[in-house]
1. Could you list, in sequence order, all residues of the stretch 73-113 that are exposed (fewer than 13 other Cβ atoms within 10 Å of the Cβ), part of a helix (DSSP H, G or I) and not hydrophobic (A, V, I, L, M, F, W, C)?
2. Restricting to the stretch 56-83, give me the number of residues that are over 16 Å from Gln106 (Cα atoms) and in contact with a Ser or Thr (Cβ under 8 Å, 6 or more places away or on another chain).
3. Taking the residues in the stretch 139-177 that are out of contact with any helix residue (DSSP H, G or I) (no Cβ under 7 Å at 6 or more places or on another chain) and not in a helix (DSSP H, G or I) as candidates, determine which candidate is modelled with the lowest pLDDT.
4. Across the stretch 85-105, what is the number of residues that are within 30 Å of His145 (Cβ to Cβ) and either in contact with a helix residue (DSSP H, G or I) (Cβ under 6 Å, 6 or more places away or on another chain) or at pLDDT 95 or above (or both)?
5. Among the residues of the stretch 153-162, is any under 25 Å from Glu90 (Cα atoms), without any contact (Cβ under 8 Å) to a residue 24 or more places away in the chain and of a type in the set (Ser, Thr, Tyr)?
6. I need every pair where a residue in the stretch 121-144 that is in contact (Cβ under 8 Å) with a residue 60 or more places away in the chain has its Cβ under 7 Å from the Cβ of a residue that is among the β-branched types (Val, Ile, Thr) and surrounded by 15 or more Cβ atoms within 10 Å (Cβ to Cβ), sequence separation at least 6 or different chains.
7. Restricting to the stretch 160-191, count the residues that are surrounded by 13 or more Cβ atoms within 10 Å (Cβ to Cβ), among the β-branched types (Val, Ile, Thr) and under 16 Å from the mean Cα position of the chain (by Cα).
Amino acid sequence: MRILRFDISARGLHWSHAVIFIWLLITGTVLFFTPKSLLGDPLIKMVHLYASLPFILLPTMIYVFGSACTRDDVKELMDWTRDDLRWFLEFLKKNKNVKGKFNAGQKANFLLTLLLIAGLSLSGLVVWMKSMFSRSFVELNFILHDSFAVLSLLLLTGHIVFALYYSESLRGIVYGEVEAGWAEVHYPNWIEQKSR
């Protein structure tokens, strides 16, 4: 039996962010390695800059106008308890105690993603509006922006590795549903809450 884990709104939030981020990562890498100038190819630069707008706005709009389930998921991802810290201490154990729909690793990924989005957005804004700031401040933000991009790439790599390893999780975010037996093993408290 399959059960709903992520509705269309939650999947839209996840995949809109993922696709645009990968696009920004590709165009940012091209800009970084373009020998033309510090600013790179003008067309790629423009594409990169304007893709950053839906990167920020689209997930925000989906959160605001999407389903209540999606907003509940985001609230749970932001809610940290002692059980989450215990989950990290028991990370290598087979059966870790998960209190809700998300484990502490998923919550950490979400929090780091939000922090990196903020860092990329703010440093990118300074680089974009460089004429408003001193040269040294813009150069610092170039370095910060590139550093946040590298950290984001590392986080994305880990996210993909775990998603492939836990293939039922991947099926959940792609199709919305997971096997009930898998959910009972990995998220027993969520199953219990869901059945109430």
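The values are calculated or read from the model by the stated rules, or taken from the named source; none is laboratory data. Values in this document were obtained by computation on a predicted structure and should not be read as measured data. Virtual Cβ from ideal backbone geometry, glycine too; neighbours counted across all protein chains shown.
1. Answer for the stretch 73-113, where residues must be exposed (fewer than 13 other Cβ atoms within 10 Å of the Cβ), part of a helix (DSSP H, G or I) and not hydrophobic (A, V, I, L, M, F, W, C): Lys75, Arg82.
2. Counting residues in the stretch 56-83 that are over 16 Å from Gln106 (Cα atoms) and in contact with a Ser or Thr (Cβ under 8 Å, 6 or more places away or on another chain) gives 8.
3. Tyr166
4. Selection size over the stretch 85-105: 3.
5. Yes, the stretch 153-162 has at least one match.
6. Once the first residue is in contact (Cβ under 8 Å) with a residue 60 or more places away in the chain and sits in the stretch 121-144, its partners that are among the β-branched types (Val, Ile, Thr) and surrounded by 15 or more Cβ atoms within 10 Å (Cβ to Cβ) give Ser121/Ile56; Phe142/Val127.
7. Of the residues in the stretch 160-191, 2 are surrounded by 13 or more Cβ atoms within 10 Å (Cβ to Cβ), among the β-branched types (Val, Ile, Thr) and under 16 Å from the mean Cα position of the chain (by Cα).
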